[in-house]
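Reviewing the structure listed below.
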Amino acid sequence: MLLLLPLACAPLAVGFIWRMMYHPDFGVITWLVSSLGFNAPNFLGNRSTAMMSIIVFDVWQWTPFITFIVLAGLQSLPKEPFEAAAIDGASPFRVFRTLTLPMISQFLLVAFLLRTIDLVRLYDFDHGGPGTATETLAGICTELALSI
């Protein structure tokens, strides 16, 4: 159930929660970094940390989706080739490299394409601040379309 939590929440709500977690004065992540003895930066207000902060948020939100795609691929694999490899004495790495990876490559391709499409259209959480440090391709295209 906890694994599904990022997918079950509305993206806008999750964006606001992470924005509060990154808050420079009372954010949980700022407190955690400070309690470890480091000087916590303004994660979303600093040009050097803003993009990485958004990447961490996005990875947290969509990791369950990719996990379920890969898990579905792994569960759909036939057992016979793996049994034959075990009888032949193949090492676990060789089984992964020659059987598992080629068989789930289509699932990995679908996951990669879906995430790429989602990343290209990622503009509803961020509008390029501070300055243009976190401006995405979709945001640039939207600005160009509006200026025409």
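We did not get these values from a lab; they are worked out from the coordinates using the rules stated. Just so we're clear, the structure is a prediction, and the values are computed from it rather than from any experiment. Positions of Cβ are backbone-derived with ideal geometry, glycine not excepted, and every protein chain shown enters the neighbour counts.
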Highest-first arrangement of 45-56, 74-85, where packing means the average Cβ count within 10 Å: 45-56, 74-85
Calculated FRET efficiency for the pair residue 79/residue 28, C-beta based, R₀ 35 Å, to 0.05: 0.20
Per-pair calculated FRET efficiency, R0 = 35 Å: residue 118 and residue 35 via Cβ, rounded to 0.05: 0.55
